[in-house]
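Chemist: Structure below; questions to follow.
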């Protein structure tokens, strides 16, 4: 487990990491889905969060990222998330699953930001107009998907700061609700609603994907040739959750 040694300073596997850390070069493909609010609530069971609804529908996000070398090494990542509300503040993105191909980033993600990172085996391939991914948990295939990139290419870079919420029952931040933001500078962005193919296995992550509507065509796909930006500490909103707190 990582150890906090100062404000924004951690030691992990013999290395000292000072936050924020800068994502210098990564490649991203993401798809946005909608699902009934009741289905999204099942994904948040056991957390002090509730789904954010738009026109009566909850919003899920499936993303695939390859990170070139940076403070958390180089690795692939697949995220299953949804937009949520906490006890106060704006809606933000919460990840229910965030499997990665590196042990260092798994520990950093769990301990620094209370993110649900676990080790996967993955085949992640980006081509000019398509992203393909297969996720395995040891010998079990969790999911496979193919995203067709959108036809519309933005003629400018896209800058955004995405609010985020996180909560884990284990790790250095166990039982604490955290709130933060993920500033992103995206280059070479394509938007659209391209073809999407998915196969889901018999795995808890696959079940959460089904609950978030990720077995059907997405509402929108986003592909960025390059993603960069600083990732700072998330701040505690609450201490350990009282056992009498009810599911949202």
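Chemist: Exactly one condition in (1) surrounded by fewer than 15 Cβ atoms within 10 Å (Cβ to Cβ); (2) in contact with a strand residue (DSSP E or B) (Cβ under 8 Å, 6 or more places away or on another chain); (3) over 19 Å from residue 81 (Cβ atoms); (4) touching a residue at least 60 places away in the same chain (Cβ under 8 Å) is false for residue 140; which is it?
Modeler: Just one mismatch for residue 140, condition (2).
Chemist: Which one is nearest to the chain's Cα centre (by Cα), of the residues in region 123-133 that are farther than 28 Å from residue 57 by Cβ and crowded, with 17+ Cβ neighbours inside 10 Å?
Modeler: The selected residue is 124.
Chemist: Inspect region 11-23 for any residue being part of a strand (DSSP E or B), in contact (Cβ under 8 Å) with a residue 12 or more places away in the chain, surrounded by fewer than 16 Cβ atoms within 10 Å (Cβ to Cβ) and under 18 Å from the mean Cα position of the chain (by Cα) and give the result as yes or no.
Modeler: Yes - at least one qualifying residue is present in region 11-23.
Chemist: Please work out which residue is farthest from residue 225 (Cα to Cα), limiting yourself to region 1-10 and to residues that are part of a strand (DSSP E or B) and touching a strand residue (DSSP E or B) at 6+ places or on another chain (Cβ under 8 Å).
Modeler: Here the residue is 5.
Chemist: Residues in region 151-162: is at least one crowded, with 16+ Cβ neighbours inside 10 Å and either over 19 Å from the mean Cα position of the chain (by Cα) or assigned to a strand (DSSP E or B) (or both)?
Modeler: Our first condition is that a residue be crowded, with 16+ Cβ neighbours inside 10 Å; within region 151-162, this holds for none.
Scanning region 151-162, I find no residue that is crowded, with 16+ Cβ neighbours inside 10 Å and either over 19 Å from the mean Cα position of the chain (by Cα) or assigned to a strand (DSSP E or B) (or both), so the answer is no.
Chemist: Considering each residue of region 163-178, count those that are surrounded by fewer than 20 Cβ atoms within 10 Å (Cβ to Cβ) and in a strand (DSSP E or B), and give that number.
Modeler: 1
Chemist: Take the residues in region 234-248 that are surrounded by 14 or more Cβ atoms within 10 Å (Cβ to Cβ) and touching a strand residue (DSSP E or B) at 6+ places or on another chain (Cβ under 7 Å); name whichever of them is modelled with the highest pLDDT.
Modeler: 234
The values are calculated or read from the model by the stated rules, or taken from the named source; none is laboratory data. Small disclaimer: the values here were computed from a predicted structure and weren't measured. Cβ coordinates were reconstructed from backbone atoms using ideal geometry, including for glycine residues, and neighbour counts include every protein chain displayed.
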